[in-house]
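Let me begin by presenting the structure, written as structure tokens, before commenting on it.
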Amino acid sequence: MKKSVFVTGLAGSGKSTICQKLGEMGYKSYDIEKIKGLFKMVDKETGEVIEGYDNDDLKKVKKGKWICDKEKLQEIINSEKSEIAFYCGNASNYDDIISLFNKVVLLLVSPEVMGQRLSTRKRGGFGRTKEVQDWVMTWKDWWENDIRERGVITINADGSLEKIAKEVIETSKK
């Protein structure tokens, strides 16, 4: 039976880096947030697509929701032929998409490591500015606890890339 594994976490938890590492290790891995047409930024109040969105502008960040197209994601998962495939990313509508996966792995990261990682992002990368980082910290614990309640596998993502990748693989095969 083929397995689909959702690797998720907050900004700076290492989702994209782990995705790349899993690929280098010979596993099929998708950085789902980079798949053209799979996501859109919408206004929380109107549901309309936001034009001119800016990850560095806290006012705009607070107004938006990062929505994954569940049907398109299901098509991608269904078309995958590998025995195990990893789908790395996050979405505001994570409640809608986690049921598509056989397993969900939550990467947990300390506020210090998260801040360090986010601060090195290039302009336009989510969480790059201190202002956006501070805002994310106001709901970090709530979000992580909310997704934990769904029975996900948690992994401490503060450590080495190699160790984290191996743990993601091991826990996903169980």
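Descriptive notes on the structure:
- Trypsin sites (Lys or Arg not before Pro) restricted to the range 1-77 and DSSP loop, no more than 13 other C-beta within 10 Å: K2, K36, K44
- Once C-alpha pairs closer than 8 Å and six or more residues apart are averaged by separation and normalised to the residue number of the range 1-130, the relative contact order reads 42 percent.
- For the chain, the longest principal axis of the C-alpha atoms and the axis of helix 70-79 are separated by about 30°.
- Charge tally in the Cβ shell below 10 Å around D57, where Lys, Arg are +1 and Asp, Glu are -1, D57 excluded: +1
- Potential lengthening between M25 and E149 on full extension [0.36 nm per residue; Cα-Cα distance subtracted]: 41.6 nm
- Cleavage-rule hits, chymotrypsin sites (Phe, Trp or Tyr not before Pro), the range 100-158, DSSP coil, Cβ neighbours within 10 Å at most 16: none
- Coupling constants for the range 2-16 follow from the phi torsions by the Karplus curve (6.51 cos²θ - 1.76 cosθ + 1.60, θ = phi - 60°), and in residue order they are 7, 10, 10, 10, 8, 9, 10, x, 6, 4, x, 7, x, 4, 5 Hz; glycine and proline get x.
- In sequence order, the range 38-51 has phi-based couplings of 7, 10, 8, 9, 10, 5, 4, 8, 9, x, 7, 5, 8, 8 Hz under the Karplus curve 6.51 cos²θ - 1.76 cosθ + 1.60, θ = phi - 60°, and Gly or Pro positions carry x.
- Flagged links, alpha-carbon separation over 32 Å, of K72/K174; K122/K163; K2/K62; K21/K70: K2/K62
- Derived scalar couplings ³J(HN,Hα) [the range 82-87; Karplus, 6.51 cos²θ - 1.76 cosθ + 1.60; whole Hz; x for Gly, Pro]: 5, 4, 9, 9, 10, 10
- Taking amide H as placed 1.01 Å from N in the peptide plane, K3 has its amide H under 5 Å from the amide H of I84, A85, each at least 5 places away in sequence or on another chain.
No lab work stands behind these numbers, since they all come straight from the coordinates. No experiment lies behind these values; they were computed from the predicted model shown. Please note: Cβ atoms are built from the backbone with ideal geometry, for glycine as well, and neighbour counts cover all protein chains shown.
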